[in-house]
1. Going by the conditions given, is residue 242 on the phi > 0 side of the Ramachandran plot and either at pLDDT below 90 or surrounded by 15 or more Cβ atoms within 10 Å (Cβ to Cβ) (or both)?
2. Tally time: how many residues in region 277-293 are surrounded by fewer than 17 Cβ atoms within 10 Å (Cβ to Cβ) and in contact (Cβ under 8 Å) with a residue 60 or more places away in the chain?
3. Out of the residues in region 98-112 meeting the condition of being open to solvent by less than 80 Å² (accessible area, probe 1.4 Å), of a type outside the set (Val, Ile, Thr) and part of a helix (DSSP H, G or I), tell me which one is nearest to residue 65 (Cα to Cα).
4. Which one is nearest to the chain's Cα centre (by Cα), of the residues in region 185-221 that are open to solvent by less than 30 Å² (accessible area, probe 1.4 Å), at pLDDT 65 or above and among the aliphatic types (A, V, I, L, M)?
5. For region 256-275, state whether one or more residues are hydroxyl-bearing (Ser, Thr, Tyr) and farther than 22 Å from residue 206 by Cα.
6. What are the pairs, 6+ residues apart or on separate chains, where a residue within region 170-182 that is β-branched (Val, Ile, Thr) has its Cβ under 9 Å from a residue that is in a helix (DSSP H, G or I)?
Amino acid sequence: MKLCCAVLVLCWVGCCYAGRRKDDNTFGSTRFKLHEFAQISSPQAIGRQANGPVPLRTSFYKALGDIEKSIKLAQATVNPKKINTASARRTLLQLRNAIVSAAKNGNYRTGREIFGYARFIEDQTSSSLSRSRTRQRRSSEDFINSIKEKIGDQTFNQFFNIESGTSLTFVLDTTGSMTEDIHQVQNIVRELATPSDNYEDVGSGFYNFLIAPFKDPDYGPVESYFDKAEFLSALEGIAVNGGGDCDELVLKGMIEGLELTEAYSPVFVFTDAGTKDKYEYDNVVSLSQSLYSPLYFFITPSEECPKNISTYEDLAKETSGRCYRLQRRRLEI
């Protein structure tokens with residue numbers, strides 16, 4: 001009896017593992033080909049192939065997440081045995097047309113969900129025909145290529161969030177001690193986000209604008225804006241309050257911002273406090289360096305809280321950034 005139970009358990013585990021492995025293979029081949037396309041298509045990759053893979057946009061991996069969720073949903077709700085292999089080609093053609101329509105109309109997330117479902121159907125069909133993994137991967141590539149041919153390179157890159165673009169990330173101290181400085185800080189941020197004769201792409205070439213607030217004991221949530229006008233409006237509405245002690249959770253706020261920051265993006269930190277979470281130092285360095293994101297610190301004076309800014313200076317040095325001490329009133333460097 002015990003032996004029979006053990007055999008049944010092993011069979012059940014084996015079936016679960018096999019189902020999960022098939023699902024992983026479906027997404028794995030899709031992820032592999034899209035990552036390959038991204039490495040080739042992203043303008044950021046030009047001239048860097050010799051140094052190995054380059055970091056891709058955070059939003060590219062979010063697009064992959066949409067596809068993976070759709071594949072897993074299909075696996076949980078669709079019985080593979082009821083998929084008609086004979087009509088699968090017609091079904092895939094209809095799904096591809098729906099993906100193309102969604103992409104051309106800017107309904108990217110909906111299109112990616114349909115894409116994930118289509119990849120599931122295609123993979124199940126290939127499996128039922130006993131195709132090798134190599135042929136399944138080639139089938140995945142052909143399906144992706146057929147979509148790319150229909151919508152063009154630019155829309156394809158936008159659809160899968162491959163197009164180059166950087167974030168403008170601001171990590172802001174919102175404690176009460178910043179009351180005298182917040183308006184000047186807002187002015188500096190506004191200037192950084194506004195095009196100028198020297199930097200024509202600033203404010204127009206950025207993919208998104210991020211505000212990562214911090215205080216103690218709270219930090220976040222990060223707010224992301226794709227429209228500069230909405231970002232500037234949110235910036236004006238920032239309120240400062242709370243605090244009470246000198247050091248704040250500066251590095252925690254930075255990590256929150258970095259996790260949503262695109263590769264090759266500058267990160268600007270404004271505070272009048274020291275940091276009480278130095279144990280996050282290595283995490284900040286690792287995140288920043290993996291994104292090729294320099295860290296710029298703007299330290300405002302505080303007579304009540306003398307501080308050691310060596311942590312900020314070290315972080316700036318390790319990430320090719322800068323650390324500035326600002327003067328009160330006009331907040332000049």
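1. Answer is yes for this residue.
2. Within region 277-293, residues that are surrounded by fewer than 17 Cβ atoms within 10 Å (Cβ to Cβ) and in contact (Cβ under 8 Å) with a residue 60 or more places away in the chain number 2.
3. That would be 112.
4. 210
5. Step one: list which residues in region 256-275 are hydroxyl-bearing (Ser, Thr, Tyr), which gives 261, 264-265, 271, 275.
When the remaining residues are screened for being farther than 22 Å from residue 206 by Cα, the result is 271, 275.
Checked region 256-275: at least one residue is hydroxyl-bearing (Ser, Thr, Tyr) and farther than 22 Å from residue 206 by Cα.
6. 171/250; 171/253; 171/254; 171/256; 171/257; 171/258; 174/182
Yes or no, residue by residue, for (1) modelled with pLDDT of 85 or more; (2) touching a Phe, Trp or Tyr at 6+ places or on another chain (Cβ under 9 Å); (3) open to solvent by 20 Å² or more (accessible area, probe 1.4 Å); (4) of a type in the set (A, V, I, L, M):
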{"site": "273", "(1), (2), (3), (4)": "no, no, no, yes"}
{"site": "295", "(1), (2), (3), (4)": "yes, yes, no, yes"}
{"site": "306", "(1), (2), (3), (4)": "no, no, yes, no"}
{"site": "329", "(1), (2), (3), (4)": "no, no, yes, no"}
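Per-residue answers, yes or no, for (1) more than 22 Å from residue 186 (Cα to Cα); (2) in a loop (DSSP other than H, G, I, E, B):
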residue	(1), (2)
230	no, no
251	no, no
254	no, no
257	no, no
261	no, yes
265	no, yes
284	yes, no
315	yes, no
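The values are calculated or read from the model by the stated rules, or taken from the named source; none is laboratory data. What you are looking at is a predicted structure, and each value in this text was computed from that prediction instead of being measured. Cβ: placed from backbone, ideal geometry, glycine included. Neighbour counts: every protein chain shown. Surface areas here come from the heavy atoms of the whole protein model, side chains and all, with no ligands, DNA or RNA. Shrake-Rupley method; radii C 1.70, N 1.55, O 1.52, S 1.80 Å.
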